[in-house]
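All remarks here apply to the structure that follows.
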Amino acid sequence: MKPKLRAPFFEIGTKNYVYGDQLLEYAVAADEAAKKYDIDVLFTTPVLELRRVAEHTERLIILAAYMDTLRPGRGMADILPEGLKAAGAHGVVVNHCEKPMSLPAVKATIDRARELDFLVFACADSIAETKAIAQLGPDIINPEPSELIGTANASDISFVSQSIRAVKDIDPGIYVEQAAGITGGRQVYDFIMAGSDGAGAASGIMKAAGPIAMIDEMVAAVRRAADDLKR
């Protein structure tokens with residue numbers, strides 16, 4: 001059953017910065033932060049690490065970084081959606097700029113994910129692409145200019161506002177996350193207070209001097225924003 005995601009939420013991407021025991025250490029730290037602050041944390045996990053992360057965490061919403069659309073049977077080296085679900089995935093990322101997809105491929109992957117009741121986290125490079133993908137009905141859209149990904153430069157507030165409006169005008173039920181260039185808790189807080197349903201980071205955590213401390217800082221910032229939004 002697809003998890004019921006609560007906003008505001010936080011998303012962590014590991015990409016290929018870490019693997020093995022170190023990746024599991026970060027996953028466990030993220031799980032502890034999710035419990036400590038009562039915030040839903042999405043953890044985007046390399047396929048090879050997915051089952052172990054699922055077996056050693058309780059609260060994480062685990063996303064596969066990619067999947068193919070084939071069905072059980074023939075197919076060599078493809079990533080089988082049913083295999084991801086059996087390994088413990090709750091959803092899938094589509095169209096990240098480091099694994100770009102055509103719009104028809106995005107639609108086919110979303111349709112396939114729906115068969116398995118997967119949460120769909122879609123990335124978009126521009127406002128135009130954000131609008132196009134919103135028409136396909138993913139659960140979350142992460143609009144992030146590709147030139148900012150992996151840098152210390154976050155999206156400006158005008159882009160944040162435009163991207164949120166672009167999605168909500170099409171489907172108010174789609175969550176919008178901001179993630180590109182986030183390197184600290186203050187940015188997480190500011191983006192959520194500006195209207196984002198969630199925030200996320202990959203390099204901002206993985207390249208931090210203390211990644212585990214940064215995970216705690218960013219999830220704590222989501223908690224502060226959630227509390228302040230209620231006032």
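Table for the structure above
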{"quantity": "Residue match in the range 117-129 (condition: crowded, with 24+ Cβ neighbours inside 10 Å, touching a residue at least 24 places away in the same chain (Cβ under 8 Å), out of contact with any Asp or Glu (no Cβ under 8 Å at 6 or more places or on another chain) and part of a loop (DSSP other than H, G, I, E, B))", "calculated": "yes"}
{"quantity": "Residue satisfying all of: in the range 178-205; in a helix (DSSP H, G or I) and over 17 Å from the mean Cα position of the chain (by Cα); surrounded by the fewest Cβ atoms within 10 Å (Cβ to Cβ) among these", "calculated": "186"}
{"quantity": "Residue identified as of a type in the set (A, V, I, L, M), within 26 Å of residue 158 (Cβ to Cβ), without any contact (Cβ under 8 Å) to a residue 40 or more places away in the chain and surrounded by 15 or more Cβ atoms within 10 Å (Cβ to Cβ) among 221, 208, 226", "calculated": "221"}
{"quantity": "Check on residue 55, in contact (Cβ under 8 Å) with a residue 12 or more places away in the chain, closer than 26 Å to residue 4 by Cβ and within 18 Å of the chain's Cα centre (by Cα)", "calculated": "no"}
{"quantity": "Exclusive hit being closer than 27 Å to residue 203 by Cβ, touching a Lys or Arg at 6+ places or on another chain (Cβ under 9 Å) and at pLDDT below 95, set 88, 150", "calculated": "150"}
{"quantity": "Residue list for the range 47-72, filter: basic (Lys, Arg) and either closer than 15 Å to residue 222 by Cβ or surrounded by fewer than 16 Cβ atoms within 10 Å (Cβ to Cβ) (or both)", "calculated": "59, 71"}
{"quantity": "Residue match in the range 61-74 (condition: under 15 Å from the mean Cα position of the chain (by Cα) and of a type in the set (Ser, Thr, Tyr))", "calculated": "yes"}
{"quantity": "Residues located in the range 68-85, provided they are of a type in the set (Gly, Ala, Ser) and modelled with pLDDT of 95 or more", "calculated": "73, 83"}
{"quantity": "Residue in the range 134-146 that is assigned to a helix (DSSP H, G or I) and more than 28 Å from residue 81 (Cβ to Cβ) present", "calculated": "no"}
{"quantity": "Selected residue [assigned to a helix (DSSP H, G or I), closer than 27 Å to residue 28 by Cα, modelled with pLDDT of 95 or more and of a type in the set (A, V, I, L, M)] from 209, 226", "calculated": "226"}
{"quantity": "Looking only at the range 15-46, and only at residues there that are over 15 Å from the mean Cα position of the chain (by Cα) and among the β-branched types (Val, Ile, Thr), the one that is surrounded by the most Cβ atoms within 10 Å (Cβ to Cβ)", "calculated": "18"}
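The values are calculated or read from the model by the stated rules, or taken from the named source; none is laboratory data. Note that the coordinates shown come from a computational prediction; the quantities given were computed from them, not determined experimentally. Using ideal geometry, Cβ is built from the backbone for each residue, glycine included, and neighbour counts are taken over all protein chains shown.
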